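Only the coordinates and a few stated rules stand behind these numbers; no lab work does. As the structure is a computational prediction, the values presented were derived from the model and not from experiment.
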Amino acid sequence: MSFLYDRDYNVTGTVQTTFDFKPSYGTSVNFSADLTSYNTVDNYLYTMPRGLNHLQMTVQMPFENRKEAEATRIASFFENLRGTGYFTFTDPASIYKPVNLFCGGIQTNFTVNDLYTIQVELATDQVSSLLNWNGMFVTGSGIKGSWATSTAYSKYDVVRHTGNASYPQNTGNLYDCFYYCTGDHTSQSSINGSEITNGKWTQEFFYQPTYSSTIGKETSVLKTELPYSFTKRSDFGLHANVMRQFSMEFKGISDLEARSILHFLTGRQGYRKFQYKIPNIYNKNKYFFAPEWKHTFVYKNVNDISVTLVEDPIGVRRVY
């Protein structure tokens, strides 16, 4: 018997060439920004994206408790991509736009009684969302297009308003032309007038975490260890209590709220600053950026989102 055979395929028989499978609930989508950053004295933090394709999207897609015949078809399909091929995937909830995914790894587990679980690692690494202000990853019925008068809007709806002759503020920076609805209402004569003044629309992070968040921080101080003696402490400078990094959890939220949160975060590209007031004892208005976040499809119309926030000690939102 010869073992000199092609290792490109580990499954015999007909190779599956079309993606017609339904992933299990628990599929997770991870976003992380590849940033260049450095700290200066007084805890100032400077960040910038590392290239045009800095925002990376990866997907962990499980196929649980599948019979051997289906598990074989799934494995053969992803092996047939050979790492360089891709397939177009649209999630059943239509939260994301159809996206081309590459397979990075396959993990197969035998469960019991002819049942298998396959976990697939996928990535889309050839899409530059930085160059596409209006066609980012997120889509769906909650993205309403351009704002219009005398229109019924629901909380968490997203609209676009690029300005006009009388109010041209957004025409020069289209990344900042999106507004997020804070409550159900019917639109009036001007989004830039009474509707924003009355708090019906916002461009800030107004979402409230559903689970408690743990905020850990260390006081910035210079320590001089004196031999056989005490430790001398000196002020590092300003911003001694900067919130370096913490996570917020949004669990069990609807597709509409999840879509709104994901659209907001994607629009900030992992490095652009936004204002947020933490809803607990640290209740000052602060500026943060979110370098990474994770979205999990828990069940139909049930989602979990975890967002990592880093405080900008300068406290000023810069426009890029």
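Tabulated results
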| quantity | calculated |
| --- | --- |
| Sorted largest first, extent of the range 1-152 alpha carbons per principal axis (Å) | 67, 51, 27 |
| Violating pairs (Cα-Cα greater than 22 angstrom) within the set LYS67/LYS97; LYS97/LYS200; LYS200/LYS277 | LYS67/LYS97; LYS97/LYS200 |
| Normalised contact order of the range 243-309, rounded percent, pairs of Cα under 8 Å and 6 or more residues apart | 44 percent |
| Those aspartates and glutamates that a straight Cα-Cα span of less than 13 Å connects to LYS155, excepting residues fewer than 8 apart in one chain | ASP184, ASP255, GLU257 |
| Fully extended contour minus Cα-Cα distance, from GLN107 to ALA93, at 0.36 nm per residue | 2.5 nm |
